[in-house]
1. So which of Ser172, Ser135, Ser148 is in contact with a Leu (Cβ under 9 Å, 6 or more places away or on another chain) and not charged (D, E, K, R)?
2. Would you mention how many residues in segment 225-259 are in a loop (DSSP other than H, G, I, E, B) and within 12 Å of ligand 2 (Cβ to nearest atom)?
3. One residue is enough: does segment 119-126 have a residue meeting the conditions in the same structural domain as Gln14 (by TED's automatic domain parsing), surrounded by 14 or more Cβ atoms within 10 Å (Cβ to Cβ), free of Cβ contacts under 8 Å to residues at least 60 places away in the same chain and part of a loop (DSSP other than H, G, I, E, B)?
4. Show the residue pairs meeting these rules: Cβ distance below 7 Å; 6+ apart or different chains; first residue within segment 216-240 and not assigned by TED's automatic domain parsing to the domain that holds Cys274; second residue among the aromatic types (Phe, Trp, Tyr) and part of a loop (DSSP other than H, G, I, E, B).
5. Checking Leu23 against (1) closer than 30 Å to Leu106 by Cα; (2) assigned to a helix (DSSP H, G or I); (3) touching a residue at least 12 places away in the same chain (Cβ under 8 Å): exactly one of these is not met. Which one?
6. Working carefully through the options Arg10, Arg31, find the one that is among the basic types (Lys, Arg) and either farther than 19 Å from Ala159 by Cα or assigned to a helix (DSSP H, G or I) (or both).
7. In segment 132-146, which residues are surrounded by fewer than 17 Cβ atoms within 10 Å (Cβ to Cβ) and within 23 Å of the chain's Cα centre (by Cα)?
8. Considering (1) within 30 Å of Val253 (Cβ to Cβ); (2) in contact (Cβ under 8 Å) with a residue 24 or more places away in the chain; (3) aliphatic (A, V, I, L, M); (4) out of contact with any Phe, Trp or Tyr (no Cβ under 7 Å at 6 or more places or on another chain), say which one Val201 fails and leave the rest.
Amino acid sequence: MGNSTIHILRRTTQLLFILLIILAPVFDIFRFDSDTRSLIFFGSEWDLGLKEGFYMNQSFGNASHVAWQFFLKAILPWLGILAVFPLLGYITGRFFCGWFCPEGTLFELFDFFTVKIFGQRSLFGKKPNDPPGPSKNRLSYIIISLLSIIAISLFGGVALTGYFVNPGTIWSQIVSWEFTFGVKAGIIGVALYMCISTIIVRHTLCKYVCSAGLMQMLFGWVSPFSLRIKTDSERLSACTDCKNCEQVCFMNVKPRLLGKDINCVNCGECIQACDKELGNGGGLFSFSQSKLCALPPKKADNKVIDFSFR
Ligand code: SF4
Ligand code: SF4
């Protein structure tokens with residue numbers, strides 16, 4: 001695998017997923033239509049498949065049919081939706097967070113800007129694992145980041161409001177600059193949420209608030225074979241203590257000490273960073289679904305390596 005393959009693959013999946021989120025309501029793949037008050041799913045109205053006035057027929061046959069349709073068209077899909085993140089967590093840990101989540105992608109982008117402007121990832125203080133910064137072109141980064149947050153938040157507001165109001169209606173209101181209260185509230189509400197979460201909260205939201213993330217974290221934690229980062233405990237003495245693996249970790253995990261850290265989103269950036277330092281393929285980390293990768297870091301002679309003093 002090339003030195004930047006993981007990074008490029010991850011950016012590709014993140015961008016494709018953002019594209020899917022933007023286009024799903026536009027192409028009627030999935031949205032709620034506020035005019036007809038119905039759910040649109042792959043171009044068709046999602047209904048219970050019950051005939052008009054079904055409640056008038058009180059026969060056993062009709063009651064069974066109604067119960068079956070409810071189970072098939074309401075309960076089962078809902079259970080399916082609820083099961084997605086626990087199932088993902090059980091098998092892939094927090095892989096979705098690191099490779100697909102649009103919010104996580106946005107947070108990473110603004111981590112990048114904050115490092116370039118302030119020399120640290122968080123606005124609230126420097127951490128030992130912050131990447132080097134700030135940049136000499138701070139002013140350019142300030143201007144680009146301000147323009148980006150305004151444009152991305154407003155566009156995000158328009159795109160996500162499209163899940164509740166027909167996107168065609170939204171765009172015609174934008175063109176005529178005449179908004180209904182619902183559209184205006186939707187765009188401004190989402191834009192404000194995106195601004196605040198991106199500028200202030202960022203990965204703290206991933207760690208403590210996001211229910212999808214927490215479900216993956218919990219089920220990944222209890223799973224004996226969920227995807228995680230494996231540390232090659234036999235080769236830890238090869239570590240040069242360059243700290244690159246910690247600097248690339250936007251979740252503030254110390255992968256060298258990784259037993260099983262619930263905040264790891266399996267982004268693989270530490271794998272790549274260590275491969276770069278120790279030579280392609282020579283890094284200490286890899287993806288694994290083996291139970292054994294939760295072992296504490298040890299040398300071949302079984303002495304625990306303590307990195308804390310370095
Ligand atoms: S420990 Fe590695 S894989 Fe996990 S979040 Fe940090 S950089 Fe990504
Ligand atoms: S990137 Fe590899 S060599 Fe560098 S500190 Fe991390 S584990 Fe050690």
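The values are calculated or read from the model by the stated rules, or taken from the named source; none is laboratory data. Values in this document were obtained by computation on a predicted structure and should not be read as measured data. FYI the Cβ positions are ideal-geometry reconstructions off the backbone, even for glycines, and counts take in every protein chain you see.
1. Within the list Ser172, Ser135, Ser148, the selection yields Ser148.
2. 11
3. Yes; the residues of segment 119-126 include at least one that is in the same structural domain as Gln14 (by TED's automatic domain parsing), surrounded by 14 or more Cβ atoms within 10 Å (Cβ to Cβ), free of Cβ contacts under 8 Å to residues at least 60 places away in the same chain and part of a loop (DSSP other than H, G, I, E, B).
4. none
5. (3) is the only condition that Leu23 fails.
6. Selected residue: Arg10, the only one of Arg10, Arg31 that is among the basic types (Lys, Arg) and either farther than 19 Å from Ala159 by Cα or assigned to a helix (DSSP H, G or I) (or both).
7. Leu146
8. That leaves (2) as the condition not met.
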